[in-house]
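Engineer: Pasting a structure below so you can have a look.
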Amino acid sequence: MSRRPFIAGNWKMYKTGPQAVETATDLAKLCSGINDPEIMIAPTNLSLPLVAQAIKSSVVKVGAQNLHFQREGAFTGEVSADMIKAAGAEYILIGHSERRQYFGETDTCVCQKIKATLGAGLKPVLCIGETEAQRDEGKTYFILDKQVSDGLKGCGLGELSDLVLAYEPVWAIGTGKTASIDQVGEVHQHLRSLLGRLFSKDLADRTRILYGGSVKPENVKDIMDIEDVDGALVGGASLDADKFIKIIKYNE
Ligand code: PGA
């Protein structure tokens, strides 16, 4: 089964609105005419509507980095899936390790956010990954299995057709350390078979599984060549359009 490759940029808490629009516009020009891979950038929620508007006629899609799981209410400082959708996003990153680590997001909370995202007709990118200590203790698969099964608990098979999974070992994010080809291959294969056991072989075959953690122009090709890797979630190297386009054009 062929899955459309997907390269996504997570801009984290970088760039003001005008700066985000400038980079997004540059990137959109560089991406003109590209069909594969599918391309997405996730600016801050403040920049999102500006970016979405600026590049609406380009192939580059827009995503959010986070949401609140309620539709609306007295939740000061928060933004809902409907609001994100109305701002022009198609995807939402959920459960990024920085959300789990610094904002106390649990798998239960991740699951609520997945459901809110699906409920709004948006596409979730469920981010999972083990810490260095968990890997050293031999708990990698225990952690990943829990993050996937608890994060998707109660979701119906029919709802998950647009699910994207992003495996990001926490120890490889922003550190310059990339997981080895063998480590990534093993984990991705494991995750695909887990989706098969939890849902169906068909869903497992269709779901795109991205790798994230210090992906850069120099290593993207080797990562994309790994079986069961369908794309990349890129942090630092996605902030510069000239650098990110080299990742997007990994096949040239
Ligand atoms: P990085 O971040 O590419 O800067 O390591 C990846 C991510 O956090 O999604």
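The values are calculated or read from the model by the stated rules, or taken from the named source; none is laboratory data. These figures come from a predicted structure and were not determined experimentally. All Cβ positions, even for glycine, are placed from backbone atoms using ideal geometry, and neighbour counts span all protein chains on display. Please note that ligands, DNA and RNA were not included when accessible areas were found on the heavy atoms of the full protein model with its side chains. Shrake-Rupley method; radii C 1.70, N 1.55, O 1.52, S 1.80 Å.
Engineer: Considering the range 229-244 alone, what residues qualify as being surrounded by fewer than 20 Cβ atoms within 10 Å (Cβ to Cβ) and more than 8 Å from the ligand (Cβ to nearest atom)?
Structural biologist: Of all residues in the range 229-244, those surrounded by fewer than 20 Cβ atoms within 10 Å (Cβ to Cβ) come to 236-237, 239-240, 242-243.
Within the range 229-244, L239, D240, D242, K243 qualify.
Engineer: Continuing with this model, one more query. For the subset of the range 178-228 comprising residues that are of a type in the set (K, R) and more than 19 Å from the chain's Cα centre (by Cα), which member is farthest from M40 (Cα to Cα)?
Structural biologist: Going residue by residue through the range 178-228, those that are of a type in the set (K, R) are 192, 197, 201, 206, 208, 216, 221.
From what's left, more than 19 Å from the chain's Cα centre (by Cα): 197, 201.
Working: R197: 29, K201: 27 Å.
Of everything passing the filter in the range 178-228, R197 is farthest from M40 (Cα to Cα).
Engineer: What strands (runs of 3 or more DSSP E), lying completely within the range 1-81, carry at least 2 residues that are away from the ligand (no atom under 16 Å from the Cβ) and within 18 Å of the chain's Cα centre (by Cα)?
Structural biologist: Answer list for the range 1-81: 60-64.
Engineer: OK, next. Condition test on K123, is it under 29 Å from E186 (Cα atoms), modelled with pLDDT of 95 or more and open to solvent by 30 Å² or more (accessible area, probe 1.4 Å)?
Structural biologist: Yes.
Engineer: Which of the residues that make up the range 2-39 are of a type in the set (A, V, I, L, M, F, W, C), open to solvent by 60 Å² or more (accessible area, probe 1.4 Å) and in contact with a Ser or Thr (Cβ under 8 Å, 6 or more places away or on another chain)? Steps first, answer last, please.
Structural biologist: Taking the range 2-39 and keeping what is of a type in the set (A, V, I, L, M, F, W, C), we get 6-8, 11, 13, 20-21, 24, 27-28, 30-31, 34, 39.
Still in the running and open to solvent by 60 Å² or more (accessible area, probe 1.4 Å): 13, 30.
Scanning the range 2-39 gives a single hit, M13.
Engineer: Among all residue pairs at least 6 apart or on different chains, which show Cβ distances below 6 Å where the first residue, located in the range 79-102, is more than 15 Å from K56 (Cβ to Cβ) and the second is within 16 Å of the ligand (Cβ to nearest atom) and in a helix (DSSP H, G or I)?
Structural biologist: The qualifying pairs are I94/V110; G95/V110; S97/V170.
Engineer: Next up: Out of A172, A204, which single residue is touching a Gly at 6+ places or on another chain (Cβ under 9 Å) and either more than 15 Å from R4 (Cα to Cα) or within 15 Å of the ligand (Cβ to nearest atom) (or both)? Before you say what the answer is, go through the steps one by one.
Structural biologist: Values: A204 fails: either more than 15 Å from R4 (Cα to Cα) or within 15 Å of the ligand (Cβ to nearest atom) (or both).
Only one candidate passes the filter, namely A172.
Engineer: Out of all the residues in the range 153-180, which are surrounded by 19 or more Cβ atoms within 10 Å (Cβ to Cβ), in contact with a Phe, Trp or Tyr (Cβ under 8 Å, 6 or more places away or on another chain) and among the aliphatic types (A, V, I, L, M)?
Structural biologist: Hits for the range 153-180 are L160, V164, A166, A179.
Engineer: Now, a different point. Answer yes or no as to whether T117 is in a helix (DSSP H, G or I), away from the ligand (no atom under 14 Å from the Cβ), open to solvent by 20 Å² or more (accessible area, probe 1.4 Å) and among the polar types (S, T, N, Q). Steps first, please.
Structural biologist: Details: in a helix (DSSP H, G or I): yes; away from the ligand (no atom under 14 Å from the Cβ): yes; open to solvent by 20 Å² or more (accessible area, probe 1.4 Å): no; among the polar types (S, T, N, Q): yes.
For T117, the condition - in a helix (DSSP H, G or I), away from the ligand (no atom under 14 Å from the Cβ), open to solvent by 20 Å² or more (accessible area, probe 1.4 Å) and among the polar types (S, T, N, Q) - is not met.
Engineer: Give all pairs with beta carbons closer than 8 Å in which a residue from the range 236-252 that is over 16 Å from F6 (Cβ atoms) meets a residue that is of a type in the set (S, T, N, Q) and buried (at least 16 other Cβ atoms within 10 Å of the Cβ); count only pairs at least 6 apart in sequence or on separate chains.
Structural biologist: Listed by first residue and then by second, the contacts come to G236/S214; L239/T23; D240/T23; A241/T23.
Engineer: Look at D107 and say whether it is among the acidic types (D, E), surrounded by 13 or more Cβ atoms within 10 Å (Cβ to Cβ) and in contact (Cβ under 8 Å) with a residue 40 or more places away in the chain. Let's see the steps before the verdict.
Structural biologist: Working: among the acidic types (D, E): yes; surrounded by 13 or more Cβ atoms within 10 Å (Cβ to Cβ): yes; in contact (Cβ under 8 Å) with a residue 40 or more places away in the chain: yes.
When the stated conditions are applied, D107 passes them.
Engineer: I'd like the full set of residues that are of a type outside the set (A, V, I, L, M, F, W, C) and away from the ligand (no atom under 12 Å from the Cβ), limited to the range 218-228.
Structural biologist: Initial filter on the range 218-228 (of a type outside the set (A, V, I, L, M, F, W, C)): 218-219, 221-222, 225, 227-228.
Of everything in the range 218-228, those that are of a type outside the set (A, V, I, L, M, F, W, C) and away from the ligand (no atom under 12 Å from the Cβ) turn out to be E218, K221, D222, D225, E227, D228.
Engineer: From the list I92, I84, pick out the single residue that is over 21 Å from P37 (Cα atoms) and open to solvent by less than 10 Å² (accessible area, probe 1.4 Å). Step through it out loud before you land on a result.
Structural biologist: Numbers: I92 fails: over 21 Å from P37 (Cα atoms).
Matching residue, one of I92, I84: I84.
Engineer: Take T131 and tell me if it is surrounded by fewer than 18 Cβ atoms within 10 Å (Cβ to Cβ), within 14 Å of the ligand (Cβ to nearest atom) and closer than 14 Å to I143 by Cβ.
Structural biologist: Here the answer is yes, as T131 does meet what is asked.
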